[in-house]
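Undergrad: Have a look at this one before I ask anything.
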Amino acid sequence: MGRGLEGQTLVHTPAADGSGQWWRTGAGWGIRGAAPFETFRPPSKDYVSFMLSRRLIALLAAPTLLLGGCQTLNSLGNHTASTLGLADDVPRAYTASEQSEAQQTGIAVADEPLAARAGASVLTSQGSAVDAVTAMFFTLTTTYPVAAGLGGGGICLVSEAGGQVTEFDFLTKAPRRAGAYALPGAVKGFATMHRLYGALPWQRVVAPGEAFASTGFPVSQALAVRLASAQNILRLDAAMAAEFLDESGKARLAGTEAKNVALGETLSQIRLNGADGFYKGAVAGRITAYSDAQGGGISADELSATVALQGPARSRGTGGFVTWLPGPRTGAGAFSASLLDNLSRRGAPAGATAAAVQQSLAAFGVAGLPGDFGSTGFAAVDASGRAAACAVTLNGPFGSGRTATGTGVILGATPSGSAGLASAFLTPVIAISNGAVGLAGVGAGGPNGTAAAITAVLEAAGGRRLGKRGDLRGTGAAPYDTVNMISCDAQACVASTDPGAHGAGAVGEDLTLR
């Protein structure tokens, strides 16, 4: 604590074609292995999507994910690609006499590259920002379960027409009968949000996570780093050990395959039956039975009664922005408001951020914190210019460290435990300028994540665009505290990830013959 914000962001600057329209070059469209950065041109204010390039001919690939510089999504096989809904997005080969146009469909950013790619794929299918963050969440439950899980909870912000922003709170709760496990809110939260703001079928946004769990996925560098630091937790749970430890008992390395068939079956129930597939029926029965056997306290009645809260987010003028943060009904709202006040008063001299963080922590009587809260954040901006930003947590790395038998679900730790303050440091943020999204992102994992997100807002409000190397200040505590941001102006949107972590941004592209 008190290390402040530091680090450099790695940025790849796209080249311009002869007409001045920006387009991607290099190994492929989408994520480049060495640069956690993507860019796209947003729609005009009348929400007409921007045409990226006027005359792209033949084999212009859909966004391609590179892991470790050599692993592509194609290596997962045709079955996984079609299950994810990606196969239809890959253009056919065309003759040189045919002309095509690539249309920007949005941008996504996350701590884990496979999740960012899933969000971009949804945007390519004309999904909304809420579709994208929902797909990213369910993917993260498989590919980044150290911080995102069906057993956890979180907070999301969603922008609407006219610049208004709605907040969705679905944080974990402690059961009435106490115990080590949390009542999970995440599935209900994303289902509620999708019902109101989703453009694609529910099945489409759950499917990516389900496919990765059922058929396997390559461990990303982002996950591998977290597995290495959590080996002692993994060894204490048979299901997690089987998935994430190799034959010698060591954490799986980046590029090796992991699979969670039981989680895939649970996600299948959610895909087919919505939130009821998790909070009621066979899955809920297995969760409560496991909880009862372990003295956990989760009851069927409390599980089925889970609801997500929604209402206006808190707004505040910051320079040329109207900045929206979680409201005062949550600890995240209280802490982010305090930190925004302290950072605004102190300005940005060396050491000011660390001092502001300490001041806010002291105001709430917080003296010591765990190093890893098991949290992550992700965001998206869609082709209409709407944004969604989310932060989720399991209240500790891999939550309670226990998997409910037969479900593949890692149960979140009770918020009354040592990592219960995790929800106070979930900081989704959306900044609006002249009715359009100027910034959408999230800080998560600890007070440094909140500080990094608010610092990005204050600097952007002061005229500094997050569009080149070093513009996004890291948390100084990555990969446990991270910040991910999408910055937009009239010409382009740029996704930047925490320079100390291994996240990625991904652009959605759609190819249309004309």
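The values are calculated or read from the model by the stated rules, or taken from the named source; none is laboratory data. Computed from a prediction, not measured in an experiment: that's the story for all the values here. Backbone-built Cβ (ideal geometry, glycine too); neighbour counts: all protein chains shown.
Undergrad: Got at least one residue in the stretch 463-479 being in a strand (DSSP E or B), among the β-branched types (V, I, T) and in contact with a strand residue (DSSP E or B) (Cβ under 8 Å, 6 or more places away or on another chain)?
TA: Checked the stretch 463-479: no residue is in a strand (DSSP E or B), among the β-branched types (V, I, T) and in contact with a strand residue (DSSP E or B) (Cβ under 8 Å, 6 or more places away or on another chain).
Undergrad: Among A501, A456, which is free of Cβ contacts under 8 Å to residues at least 60 places away in the same chain and aliphatic (A, V, I, L, M)?
TA: Details: A501 fails: free of Cβ contacts under 8 Å to residues at least 60 places away in the same chain.
It is A456.
Undergrad: Further, regarding this structure: Filtering the stretch 192-206 down to residues that are of a type in the set (A, V, I, L, M, F, W, C) and surrounded by fewer than 24 Cβ atoms within 10 Å (Cβ to Cβ), which residue is nearest to I410 (Cα to Cα)? If you could, list the steps in order and put the result at the bottom.
TA: Residues of the stretch 192-206 of a type in the set (A, V, I, L, M, F, W, C): 193, 196, 199-200, 202, 205-206.
If we keep only those that are surrounded by fewer than 24 Cβ atoms within 10 Å (Cβ to Cβ) too, we end up with 196, 199-200, 202.
On the way: L196: 27, A199: 29, L200: 27, W202: 22 Å.
Selected residue: W202.
Undergrad: Separate question: Of all residues in the stretch 166-193, which are over 18 Å from the mean Cα position of the chain (by Cα), aliphatic (A, V, I, L, M) and at pLDDT 95 or above?
TA: Taking the stretch 166-193 first, the residues over 18 Å from the mean Cα position of the chain (by Cα) are 173-183.
Next, from what is left, pick out any that are aliphatic (A, V, I, L, M): 174, 178, 180, 182-183.
Passing the criteria: A174, A180, A182, L183.
Undergrad: Could you grab me the full set of residues in the stretch 403-418 that are touching a strand residue (DSSP E or B) at 6+ places or on another chain (Cβ under 8 Å) and surrounded by fewer than 24 Cβ atoms within 10 Å (Cβ to Cβ)? Working first, answer last.
TA: So the first thing to find is which residues in the stretch 403-418 are touching a strand residue (DSSP E or B) at 6+ places or on another chain (Cβ under 8 Å), and the list is 403-404, 409-415.
Listed by number, the list holds a single entry, P415.
Undergrad: Hey, among the residues in the stretch 225-253 that are within 15 Å of Y144 (Cβ to Cβ) and touching a strand residue (DSSP E or B) at 6+ places or on another chain (Cβ under 7 Å), which one's surrounded by the fewest Cβ atoms within 10 Å (Cβ to Cβ)?
TA: The extreme case among them is A228.
Undergrad: Here is a further query. I want to confirm something. Restricting to the stretch 159-173 and keeping residues that are outside any strand (DSSP E or B) and of a type in the set (S, T, N, Q), which single residue is surrounded by the fewest Cβ atoms within 10 Å (Cβ to Cβ)? Explain how you work it out, then say what you get.
TA: If we filter the stretch 159-173 for residues that are outside any strand (DSSP E or B), which is where we start, we get 160-164, 171-172.
Narrowing the set further to residues that are of a type in the set (S, T, N, Q) leaves 164, 172.
Numbers: Q164: 15, T172: 28.
Looking at residues that are outside any strand (DSSP E or B) and of a type in the set (S, T, N, Q), I get Q164.
Undergrad: How many residues does the stretch 333-392 hold that are not in a loop (DSSP other than H, G, I, E, B) and not acidic (D, E)? Break it down stepwise before answering.
TA: At the first step, the residues of the stretch 333-392 found to be not in a loop (DSSP other than H, G, I, E, B) are 333-346, 352-363, 375-382, 387-392.
Next cut, not acidic (D, E) only: 333-340, 342-346, 352-363, 375-381, 387-392.
Number of matching residues: 38.
Undergrad: Any idea which of L196, L227, L223 is closer than 21 Å to V122 by Cα and either modelled with pLDDT of 95 or more or part of a loop (DSSP other than H, G, I, E, B) (or both)? Spell out the reasoning first.
TA: Details: L227 fails: closer than 21 Å to V122 by Cα; L223 fails: closer than 21 Å to V122 by Cα.
None of the others qualify; the one that does is L196.
Undergrad: For I432, only one of the following conditions fails: (1) in a strand (DSSP E or B); (2) crowded, with 24+ Cβ neighbours inside 10 Å; (3) not aromatic (F, W, Y). What is its number?
TA: Status for I432: all satisfied but (2).
Undergrad: Another question, then. Give the stretch 208-219 a look and list any residue that's in a helix (DSSP H, G or I) and either within 20 Å of V381 (Cα to Cα) or out of contact with any Gly (no Cβ under 6 Å at 6 or more places or on another chain) (or both), or say none.
TA: Correct list: P208, G209, A211, F212, T215.
Undergrad: If the Cβ limit is 7 Å and pairs must be 6+ apart or interchain, which residue in the stretch 291-305 that is at positive phi and surrounded by 14 or more Cβ atoms within 10 Å (Cβ to Cβ) pairs with which residue that is not in a loop (DSSP other than H, G, I, E, B) and not hydroxyl-bearing (S, T, Y)?
TA: none
Undergrad: Identify the residue in the stretch 316-333 that is under 22 Å from the mean Cα position of the chain (by Cα) and among the polar types (S, T, N, Q) and, among all such residues, is surrounded by the fewest Cβ atoms within 10 Å (Cβ to Cβ). Show your work before the answer.
TA: Quick first cut of the stretch 316-333, residues under 22 Å from the mean Cα position of the chain (by Cα) only: 323-327, 330-333.
Next, only the ones that are among the polar types (S, T, N, Q) stay: 323, 330.
On the way: T323: 26, T330: 19.
Checked the stretch 316-333; the qualifying residue surrounded by the fewest Cβ atoms within 10 Å (Cβ to Cβ) is T330.
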